[in-house]
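To start, the structure under review is shown below, and the notes come after it.
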Amino acid sequence: MKNTIGNSITMTVFGESHGPAVGVVLDGLTPGLKVDKDFIARQLSLRRPSGRTDTARVENDDFSIISGEYQGYTTGTPLTIVIPNQNVRSADYDNLRTCPRPSHADFTAEMKYHGFQDPRGGGHFSGRITAGIVAAGAICLQALEAKGIRIGTHILRCGKVEDVSFCDVEAEIKTLSGKHFPVISDVETEMTEHITAAASTGDSVGGVIQTAITGVPAGVGEPWFDSLEGVISRAVFAIGGIKGIEFGLGFGFADSCGSQANDAFCLKDGGVQTSSNNNGGINGGISNGMPIIFNMAVKPTPSISRTQQTVDIEKGEVVDLNIKGRHDPAIIRRICIVVTSLLAVVLCDVLAQRFGTDYLK
């Protein structure tokens with residue numbers, strides 16, 4: 001099992017959904033970065049379930065930093081954050097050991113780990129693991145903002161309800177910062193109604209989220225095999241609910257001509273820019289200085305309360321599955337802060353590779 005991402009700056013996640021704790025280790029951070037515990041707590045609150053669109057399992061996310069921080073700053077040694085699990089109901093998952101949930105990692109984990117994995121609440125494959133990513137990302141986000149680099153993620157589409165795409169990117173990222181329901185336009189009520197309508201019938205929904213990153217200097221990315229698109233894609237596909245990604249115009253390129261899709265270069269504000277941004281801020285796997293913009297497909301939550309067909313792998317027979325437990329009718333709201341946080345870690349790593357580990361200081 002590979003639980004570490006990064007080269008110059010690495011992040012390792014650990015824990016299980018119903019184990020004693022989840023957490024994260026950040027290694028390679030330069031000493032002297034501010035560790036704002038209030039900001040970490042605020043970011044964790046954006047991921048925390050609340051209201052009709054989320055699971056009923058609510059954790060306090062009382063975290064502790066047990067290494068790598070002293071008097072509010074990083075020391076340069078591995079920074080370890082531990083977040084205890086408190087609100088668990090493991091008995092809800094007793095039948096999932098032999099009866100895997102459709103579209104969940106229950107079956108594939110059984111095949112890979114031969115029954116030694118922790119099945120409670122999805123174990124290491126649970127969205128609960130992302131709490132550590134959000135905590136680590138909070139530190140990296142503030143380090144990036146000090147360099148003028150900002151990241152924002154919003155729900156672009158949920159069902160037939162659509163938000164506007166990023167346009168005035170800097171201002172819209174600022175608007176999204178700290179927003180509990182991350183949308184740019186006034187569509188929260190419609191999206192909430194769509195999610196709760198599905199939940200009322202025992203179902204779940206997916207959608208599309210969109211991320212924008214501003215302030216990344218031109219020249220960041222390591223082609224061929226660590227292209228900036230590749231590094232970003234590898235990171236977000238680690239989140240189980242992400243099933244697709246497109247940068248800039250994405251699949252729209254297939255129906256375009258070069259004369260329409262090419263981003264013409266121009267001079268603006270004393271530097272080279274492009275008059276459009278169809279390529280999403282990346283050419284040849286390298287940042288071009290424009291906002292990096294990409295969309296991600298989020299699948300419906302696999303754990304639904306409707307009866308589904310599965311196989312009892314111990315008995316070798318097809319059975320009906322009725323899932324117990326507390327599950328999100330949609331993860332699309334909570335996944336936005338996870339993506340933003342994960343990308344903050346990834347960007348710190350690629351910038352450290354390009355400019356050195358003290359770049360963020």
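The values are calculated or read from the model by the stated rules, or taken from the named source; none is laboratory data. All values reported here derive from a predicted model rather than from experimental measurement. Neighbour counts are summed over all protein chains in view; Cβ atoms, including those assigned to glycine, are modelled from backbone coordinates with ideal geometry.
Select from the range 108-158 the residues that are hydrophobic (A, V, I, L, M, F, W, C), farther than 30 Å from Gly281 by Cβ and in contact (Cβ under 8 Å) with a residue 12 or more places away in the chain and list them in ascending order.
Those that are hydrophobic (A, V, I, L, M, F, W, C), farther than 30 Å from Gly281 by Cβ and in contact (Cβ under 8 Å) with a residue 12 or more places away in the chain: Ala109, Phe125.
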- Query: How many residues are aliphatic (A, V, I, L, M) and free of Cβ contacts under 8 Å to residues at least 40 places away in the same chain when one looks only at the range 192-215?
  - Reply: 1
- Just one listed residue, out of Glu69, Glu59, is of a type in the set (D, E, K, R) and either surrounded by fewer than 14 Cβ atoms within 10 Å (Cβ to Cβ) or modelled with pLDDT of 95 or more (or both), and it is Glu69
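Residue by residue, here is whether (1) part of a loop (DSSP other than H, G, I, E, B); (2) at negative phi holds:
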{"residue": "Gly202", "(1), (2)": "yes, no"}
{"residue": "Val205", "(1), (2)": "yes, yes"}
{"residue": "Val208", "(1), (2)": "no, yes"}
{"residue": "Ala212", "(1), (2)": "no, yes"}
{"residue": "Ala235", "(1), (2)": "no, yes"}
{"residue": "Gly252", "(1), (2)": "no, yes"}
- Given (1) under 28 Å from Arg354 (Cβ atoms); (2) touching a residue at least 60 places away in the same chain (Cβ under 8 Å); (3) in contact with a strand residue (DSSP E or B) (Cβ under 7 Å, 6 or more places away or on another chain), where does Gln43 come up short, assuming only one miss? (3)
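Which residues, taken from the range 129-164, are among the charged types (D, E, K, R) and part of a helix (DSSP H, G or I)?
Scanning the range 129-164 gives a single hit, Glu145.
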- Please find, among Leu321, Leu343, the residue that is closer than 29 Å to Asp163 by Cβ, hydrophobic (A, V, I, L, M, F, W, C) and out of contact with any helix residue (DSSP H, G or I) (no Cβ under 6 Å at 6 or more places or on another chain). Leu343
- Query: Would you say Glu317 is among the acidic types (Asp, Glu) and in contact (Cβ under 8 Å) with a residue 40 or more places away in the chain?
  - Reply: no
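If the requirement is being more than 28 Å from Ala41 (Cβ to Cβ), in a loop (DSSP other than H, G, I, E, B), at pLDDT below 95 and in contact with an Asp or Glu (Cβ under 8 Å, 6 or more places away or on another chain), which of these qualifies: Arg306, Arg326? Before the answer, list the steps.
Values: Arg326 fails: more than 28 Å from Ala41 (Cβ to Cβ).
Only one candidate qualifies: Arg306.
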- Item | Residue list for the range 102-117, filter: of a type in the set (Phe, Trp, Tyr) and not in a helix (DSSP H, G or I) | Phe116
- Of the residues in the range 259-285 that are surrounded by 14 or more Cβ atoms within 10 Å (Cβ to Cβ) and touching a Pro at 6+ places or on another chain (Cβ under 7 Å), the one that is nearest to Val231 (Cα to Cα) is Gly285
- Note on the structure: Those residues of the range 138-185 which are surrounded by 16 or more Cβ atoms within 10 Å (Cβ to Cβ), touching a Gly at 6+ places or on another chain (Cβ under 7 Å), closer than 27 Å to Gly356 by Cβ and not charged (D, E, K, R) amount to Ile149, Ile173
- Message: For the range 116-137: of the residues being buried (at least 24 other Cβ atoms within 10 Å of the Cβ) and hydrophobic (A, V, I, L, M, F, W, C), which is farthest from Arg89 (Cα to Cα)?
- Response: Ala136
- Restricting attention to the range 66-90, report how many residues are of a type in the set (Ser, Thr, Tyr), farther than 15 Å from Thr10 by Cα and touching a residue at least 60 places away in the same chain (Cβ under 8 Å). 1
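Here is a yes/no grid of residues against (1) more than 23 Å from the chain's Cα centre (by Cα); (2) under 27 Å from Cys336 (Cβ atoms); (3) loosely packed, with under 14 Cβ neighbours inside 10 Å; (4) of a type in the set (Ser, Thr, Tyr):
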{"site": "Ile5", "(1), (2), (3), (4)": "no, yes, no, no"}
{"site": "His18", "(1), (2), (3), (4)": "no, yes, no, no"}
{"site": "Leu29", "(1), (2), (3), (4)": "no, yes, no, no"}
{"site": "Val35", "(1), (2), (3), (4)": "no, yes, no, no"}
{"site": "Pro49", "(1), (2), (3), (4)": "no, yes, no, no"}
{"site": "Ile65", "(1), (2), (3), (4)": "no, yes, no, no"}
{"site": "Asn87", "(1), (2), (3), (4)": "no, yes, yes, no"}
{"site": "Ser103", "(1), (2), (3), (4)": "no, yes, no, yes"}
{"site": "His114", "(1), (2), (3), (4)": "yes, no, yes, no"}
- Message: Looking at the range 307-349 only, could you name the residues that are within 17 Å of Gly152 (Cβ to Cβ) and charged (D, E, K, R)?
- Response: Arg333, Arg334
- Task: Filter the range 292-301 for residues that are crowded, with 19+ Cβ neighbours inside 10 Å and either in a loop (DSSP other than H, G, I, E, B) or not aliphatic (A, V, I, L, M) (or both) and give the result.
- Result: Phe294, Asn295, Pro300, Thr301
